[in-house]
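For reference, the structure is listed below as structure tokens.
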Amino acid sequence: MRLRVGDDHRLRHHALTMALNARGHTVVATACDPDEAVEAARQHKPDACLLDVSFPHANGLNAIGRIHEVSPDTKVVMLSGSISRGLVADAIAQGAQGFVGKEKPVGVIIEALEMAYQGHLAVDLLMLQEVLRPHPENDDPLWMLKFLTEREWEVMRCIMDGMSTEQMAEQLCVQRSTARTHVQNLLTKLGVHSRLQAAALMTAHASAETWPVHMR
């Protein structure tokens, strides 16, 4: 996995780089602010990017969309000293594939990067449940769709097409066990218990504009 690391803490930055190299990954660039992170993504097209939420004079969240503009396949994982439901929700809504606290051991941060690279949403389970928990002021039945990963949208399409697990695995070029995991992740985010319920939810409330542009 080729990575770009952007962290304002020099010692942690060094420890991360050494640990990533030891696990067979390659750090292709580092950055000290969001603008450098975007430029590094444009030049190197890394598989994953670790980006600090807070820089001295900038907000890392604002760089997520810009990174995806210049390197659409790069998975962005946010690193923060403070974690709240709103902050995590904002990061995911803007396209982050993961969110991890700075207090976590280096190994946990690397696991988040690896999870994101594999297409999973790398967020602590309890925090993810809080983020996905419906709030009284939200009356949009499809509000949770903004948290779906690209892979989960592909799984949704397979479900809407009535594919079996075997057909889905073949379509996505993954193992059946992996396909089942993707389905379960999708159902969890939608707050439903079966593929039939997921399909019914989309049929009742979704339109062509609901889907990502490239899937319409």
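Quick note: the coordinates plus some simple rules give every number you see, no bench work behind them. No experiment lies behind these values; they were computed from the predicted model shown. Heads up, the Cβs are rebuilt from the backbone with ideal geometry, glycines too, and the neighbour counts pull from every protein chain shown.
Taking the square roots of 5 times each eigenvalue of the Cα gyration tensor of the range 2-129, largest first, gives ellipsoid semi-axes of 18, 17, 15 Å.
For each pair in K104/K189; K102/K146; K45/K75; K102/K189; K75/K189, compute the distance between the two Cα atoms and list the pairs where it is over 22 Å.
K104/K189; K102/K146; K102/K189
With a ≥ b ≥ c taken as the square roots of the eigenvalues of the C-alpha gyration tensor of the range 73-201, please select rounded if a/c is under 1.5 and otherwise prolate if a/b is larger than b/c or oblate if it is not? The shape class here is oblate.
Shape call for the range 9-79 from the C-alpha gyration tensor, a ≥ b ≥ c root eigenvalues: rounded (a/c under 1.5), prolate (a/b greater than b/c) or oblate? Oblate, because a/c is 1.5 or more while a/b does not exceed b/c.
Considering only V192, V38, V77, the Gaussian network model of the chain with Cα springs below 10 Å gives its largest mean-square fluctuation to V192. For the residues L190, L142, L126, a GNM of the chain with alpha-carbon springs under 10 Å puts the largest fluctuation on L126. Bridge orientation summary for the chain: considering DSSP beta bridges with both residues in this region, about 10 percent are antiparallel. Here the dipole of the range 2-129 is about 200 debye; that uses its Cα centre as origin and unit charges on the Cβ of Lys and Arg (positive) and Asp and Glu (negative).
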